[in-house]
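Chemist: Sharing a structure with you now.
Nothing in this text is a laboratory measurement; each read-out follows from the coordinates by a stated rule. Please read these numbers as outputs of a predicted model, since none were measured by experiment. In this analysis, Cβ positions are derived from the backbone assuming ideal geometry, glycine residues included, and neighbour counts consider all displayed protein chains.
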C-alpha cells in the first residue's frame, strides 16, 4: 500500500487512474497507451508543481513520511560490511540509535544514527527513533571509538526528539544529551552529519554538532516540533501550520540562517518516491564533505568545529 | 511556635483572604500556601519560613547574596540580533522581548558578573526566570560565552545558575545551536584547569539542562528545584500514568546520581567558597611536582644500556602526597 499525504490527493487520484487504465489496457489498444502516456506527463507536472512550493507544514509531513528512507536503508546502500555495535556499557542497548563500523566509499568509518523503523513492529522496536539516555551514551562511546582509531564519523539524524519518559529522566536524559553534544565537539576526527528526515530538538543536535551538517531538501530541523510550539505559544495544537511557518525549520531557511552547511536535493516528489536516488545523493554529498576533511589534522578539525559553533552568536535574518 | 505565629497570623490570613492581598506586603508560598510577610521572606533569602520552599528569585538578588558584601561588577554583554527569525505567534516576539525588558530592566535572560567570593575572584552567570521563562536564545548563549571567556581571562572559577524552561522557541534553530555553543563556552573554562560549578535552580529543563547545565565539574541543586529534560506534561501525555512522587525534583536527581549535593539557599555561598578553596588552594602536599624523566621511561632504560648515565644525575624523587 502506498501512502499519500493529504496534499498529494490530486496526485494519488491521477496515479490511480493510470493504474486502472493499465489494467484495462490488456488488449493492447494503442489509444489506452497514449492516454496513459498523457496522464503520466500530467502527473509529473503536478508533482513538480506541488513539490516546488511545499509549505513548511507540508514539508514537515514529507519529512515524516513513513516510506521515506530511514537509517537502515542508507546503511544498506552506502556502507559495506556494516558491523553494528551495541550497548552503552552502563545500563542497556537502545535501538532508537543504531551505530557501528563499516566502510563508506572505501574508507572505514563509524556510522551512527536514529532509526525510526519501517513497519509497526520495527517502529516499536526502535521506539519511533526516540532515544533514551542509553542511546546517547552509546553514540558517545562510538564517537570515542572513532577517535581512537582515527575513523571519520558519519551520523544520520532522524528523530522526533529524545524520549520523554520517566525511565529516561531517571537515568539522566539531559546529562546524556549534554555529554553527547560535548563529545561531538571534542573528537579529533572528521565528522559529518546528515539530517535525512526529522531533526527534533536536543535529541537531534546530540549527534549533529558536526564539522559539516548536510540536510535533505525536504527534511526539517527544529528546536521544537510545530505541534509542540503551537500548543505552547498559540495555546492550541491546531496552529501547527502557523508554527511550522514561524519556526523556519526547512532546509532552505536553515541554510539561509547559517545553521547548516549544505542542502541535498531530493528526487522529484520527495525521497519516498525514489529512495535509492535520494540515498545516492546523500552519499555523494557526504563523500564530498568528507573528502575536504580527511587530510586535515585532528586538532585543527576540532578547533575549527568549535569555532564554527562559537561564531553562531551573530546569526539571524539580515535586514 | 509562639503566640504570634499560632494565633495572630492565621487570623490575619482569614482577614486578608476576603480582600485583595497587597502584593508588596504579603506573599503566598506557592508550596504550603501560607502567607509570608515580605520582610520575613527577604530576611530568609526568599525561602518560605513555614515549609522551607525555595521561591524563585531574581538574577540580581542571587548575585547580591553570593558575592562578598553583595559587591560585584556586571559586565556588558555583546549585542545580538534581537529577533533573528522575525517570529510572530499570537504576538510579535519583538514585542514580547520589549515587554520582558521593561518588566525586568534586563537586556535578556542572563546576566554575568564578577567579584569576590570569600576573597577569591569568581565569575557568575545567573538566569532571570522572569525574562521569558529564562529561555536560551542568542543573547543567553552570548552571556555564557562571555562568562566563560572572562573566567579564563581572570583565572577565576565559573558559577552558572540556570533558571530556565529551555531553549527559546521564538529563535528557532538559532536557540538550538546555543546548546553546542554554550557547551564549548564552559568546556573552555574546564580546559583552563578552572572549576566550573553549576547551581541548578527551579526550573532547569529542556535545552538548558541538556547542555552546559549538566556539564559542571560539580553540580549543586536547590531544594525542590525541578530539573530534567522533558516537561512533566509531555511525559504524562506519553506514558499516561501518574508521575512518581517528587519526580524531577532536586532530591530525586540526587537519589539518581545526577547532582553532587542539594544545598539550601542559605548555605550556598559558604558551600561555593569551600569548594573553590578545596579545588584551587591545594596546600603543600597537593602541589604537582614533575618526576625526573627517566623514572617514567622504564622500557627505554632497559633497552639502551647507559641511557641512565646519559640522562644526567638523577634528582631526588619527591615524596608522593
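Chemist: Return the FRET efficiency for the residue pair residue A:85, residue B:94: r is the Cβ-Cβ distance, R0 is 45 Å, and the value is rounded to the nearest 0.05.
Modeler: The pair residue A:85/residue B:94 has a calculated efficiency of 0.40.
Chemist: May I ask you to derive the relative contact order of region A:31-141, considering only C-alpha pairs under 8 Å and at least 6 residues apart, and to give it as an integer percent?
Modeler: Relative contact order of region A:31-141: 22 percent.
Chemist: If you line up the long axis of helix A:133-148 against the longest principal axis of chain A, both from Cα atoms, how many degrees apart are they, to the nearest 10?
Modeler: Tilt of helix A:133-148: around 70 degrees.
Chemist: Right, something else. Using a Gaussian network for chain A with springs between C-alpha atoms less than 10 Å apart, which of these wobbles most: A:260, A:18, A:181?
Modeler: Result: A:18 has the largest fluctuation of those listed.
Chemist: I'd like the orientation of helix A:9-24 relative to chain A: the angle between its Cα long axis and the longest Cα principal axis, in ° from 0 to 90, rounded to 10.
Modeler: Approximately 50 degrees, to the nearest 10.
Chemist: log10 I(q)/I(0), Debye, Cα-only region A:1-84, no solvent, q = 0.10, 0.17, 0.20, 0.26 Å⁻¹?
Modeler: -0.41, -0.84, -0.94, -1.20
Chemist: Still on this structure: Taking every DSSP beta bridge that has both residues in the protein assembly as shown, what percent is antiparallel when rounded to the nearest 5?
Modeler: 45
Chemist: What percent antiparallel are the DSSP beta bridges of chain A, to the nearest 5?
Modeler: Looking only at bridges with both residues in chain A, the antiparallel portion is about 40 percent.
Chemist: Taking Cα atoms, how many degrees apart are the long axis of helix A:275-294 and the longest axis of chain A, rounded to 10 and kept between 0 and 90?
Modeler: 30
Chemist: Using Cα pairs closer than 8 Å and at least 6 residues apart in sequence, work out the relative contact order for region B:56-280, in percent.
Modeler: 16
Chemist: Among B:262, B:123, what is the fewest-to-most ranking by other Cβ atoms within 10 Å?
Modeler: Fewest-to-most ranking of B:262, B:123: B:262, B:123.
Chemist: Against the globular-protein guess of 2.2 N^0.38 Å, express the Cα radius of gyration of region B:171-259 as a ratio, rounded to two decimals.
Modeler: 1.19
Chemist: Can you tell me how region A:6-53 classifies by the Cα gyration tensor, rounded, prolate or oblate, using a/c under 1.5 as the rounded cut?
Modeler: oblate
Chemist: Just the projected area, averaged over all directions, of the convex hull on the alpha carbon atoms of region B:138-195: how many nm²?
Modeler: Approximately 3.7 nm², given one-decimal rounding.
Chemist: Determine one quarter of the surface area of the Cα convex hull of the protein assembly as shown, which equals its mean projected area, and express it in nm² to one decimal.
Modeler: 38.5
Chemist: Along the Cα-to-Cβ line of residue A:6, 7 Å from the Cα, sits a label point; which residues in region A:233-272 have backbone N less than 12 Å from it?
Modeler: A:238-242
Chemist: Below 8 Å between Cα atoms, with a sequence gap of 6+, how large is the relative contact order for region B:117-215 in percent?
Modeler: That works out to 34 percent.
Chemist: Kindly provide the pair-distance distribution of region A:85-141 built from C-alpha pairs, with 10 Å bins from 0 and whole-percent values in order of increasing distance.
Modeler: With a bin width of 10 Å, the distribution comes to 27, 46, 24, 3.
Chemist: A further question follows. What is region A:111-204 by shape, rounded, prolate or oblate, if you read a ≥ b ≥ c off the alpha carbon gyration tensor as root eigenvalues and call it rounded for a/c under 1.5, prolate for a/b larger than b/c, and oblate otherwise?
Modeler: oblate
Chemist: Among A:224, A:47, which comes first, second and so on when ranked by fewest other beta-carbon atoms within 10 Å?
Modeler: Taking fewest neighbouring Cβ atoms as first place, the list is A:47, A:224.
Chemist: With N set to the number of residues, divide the alpha-carbon radius of gyration of region A:195-319 by 2.2 N^0.38 Å and report two decimals.
Modeler: Taking the Cα Rg and dividing by 2.2 N^0.38 Å, one obtains 1.17.
Chemist: Given points 7 Å out from each Cα along the Cα-Cβ axis, report the residue B:233 to residue A:41 separation in nanometres with one decimal.
Modeler: About 5.4 nm separates the two model spin labels.
Chemist: If you don't mind, another one. Per residue of A:156-166, what is the mean number of Cβ atoms on other protein chains within 10 angstrom of that residue's Cβ?
Modeler: For peptide A:156-166, the averaged partner shielding equals 4.
Chemist: Once you have a ≥ b ≥ c as the square roots of the Cα gyration tensor eigenvalues for region A:60-315, tell me rounded if a/c is under 1.5, and otherwise prolate or oblate according to whether a/b is larger than b/c.
Modeler: Taking the square roots of the gyration eigenvalues as a ≥ b ≥ c, region A:60-315 is rounded.
Chemist: Now, a different point. Counting each DSSP H run of 4 or more residues in the protein assembly as shown as -39500 (n - 2.57), what helix-only mean residue ellipticity at 222 nm follows after dividing by all residues, to the nearest 500 deg cm²/dmol?
Modeler: Value at 222 nm, helices only: -12500 deg cm²/dmol.
Chemist: Fewest to most neighbouring Cβ within 10 Å: what's the order for A:254, A:78?
Modeler: Taking fewest neighbouring Cβ atoms as first place, the list is A:78, A:254.
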